[in-house]
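Trainee: My questions all concern the structure below.
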C-alpha cells in the first residue's frame, strides 16, 4: 500500500483572471505538477487580489474542506496589489520559513528579481499553505523545489510517524 493521497487545492490570485480577461495558466500548471505526489486536486479557485477574498478562500479550503495542501499562485511580488502573503499570514498558525527561503534561493540562482518574492509557507491547523509566484514558469520552478519534501511535511502535519508513545 502506497502513501496516502494528498488532498490539494490550487488558489490563483489574479484580478485579470478573476474578471475573465486572461486565462489562468499558473493554476493548471501547478495542479498538473501536484498530481505526481500523488495528490488529488479537489479544488481550483480563482480570486481577485483582495485580502478578504484570499483569506476567505484559504479559510474555506482549510477549515471547511480539510484540505491537506493549499498552493496559491500570484500576488507575491512588490506591486501594491500583491497582497497574498499578508492574507496568508492572517490565517496561519505557524510559518515554515525554510520552505519559502529554499524557493527564493533556488530562483535567485536563475533570476535576479527572485529576491523580490515575498512568498510565505505555513500551517493552519492540519493544512500546509504554500505561496508561489503568478507566472507559470516561476510557479513551476518554485514548486519543483518543494515537491520532494511535501509528502513528508504533510505527513508530519497530519501527525503521522510520531516517535513518542503516550505516557503510561
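No value in this document is a laboratory result; all are computed from the given coordinates. None of these values were measured; they are calculated from a predicted model. Glycine also receives a Cβ, built like all others from the backbone with ideal geometry; neighbour counts cover every protein chain displayed.
Trainee: Rounded if a/c is under 1.5, else prolate if a/b beats b/c, else oblate: with a ≥ b ≥ c from the C-alpha gyration tensor eigenvalues square-rooted, which is the range 61-138?
Mentor: Numbers: a/c = 2.06, a/b = 1.71, b/c = 1.21.
It is prolate, given that a/c is not under 1.5 and a/b is the larger ratio.
Trainee: How high is the relative contact order of the range 6-158, in percent, counting Cα pairs under 8 Å that sit 6 or more residues apart?
Mentor: On the way: 306 pairs, mean separation 42.3, N = 153.
Relative contact order here is 28 percent.
Trainee: How large is Rg/Rh for the range 2-75, to two decimals, with Cα atoms and a Kirkwood Rh? Don't skip to the end; give the middle numbers.
Mentor: Details: Rg = 12.4 Å, Rh = 12.5 Å.
Answer for the range 2-75: 0.99.
Trainee: Give me the one-decimal nm value for the distance between modelled label points at residue 110 and residue 95, 7 Å along each residue's Cα-to-Cβ direction.
Mentor: 2.5
Trainee: While we're here: Ranked highest first by average number of other Cβ atoms within 10 Å, how do 125-135, 105-115 line up? Before the final figure, lay out each step's value.
Mentor: Numbers: 125-135: 23.2, 105-115: 13.1.
Put in order of decreasing packing, that is 125-135, 105-115.
Trainee: Could you tell me what a quarter of the Cα convex hull surface of the range 33-168 works out to, in nm² with one decimal place?
Mentor: Values: hull surface 36.2 nm².
If you wrap the Cα atoms of the range 33-168 in a convex hull and average its projections, you get 9.1 nm².
Trainee: Within 10 Å, count the other beta carbons around each residue, average over each peptide in 36-42, 5-11, and list them highest first. Don't skip to the answer; put the middle values down first.
Mentor: On the way: 36-42: 15.9, 5-11: 23.1.
Descending packing order for the listed peptides: 5-11, 36-42.
Trainee: Also, I was wondering about something else. Nearest 500 deg cm²/dmol is fine: what mean residue ellipticity at 222 nm does the chain get from its DSSP H runs of n ≥ 4 alone, each adding -39,500 (n - 2.57), divided by its residue count? Mind dumping the intermediate values first?
Mentor: On the way: 7 runs with 62 residues, N = 168.
Dividing the helical sum by the residues of the chain leaves -10500 deg cm²/dmol.
Trainee: Cut-off is 10 Å between beta-carbons; in what order do 26, 17 appear when sorted fewest neighbours first?
Mentor: Values: 26 26, 17 21.
Fewest-to-most ranking of 26, 17: 17, 26.
Trainee: Would any residue of the range 79-121 have its amide N under 19 Å from a label point 7 Å out along Cα→Cβ of residue 50? List them or say none.
Mentor: 80-91
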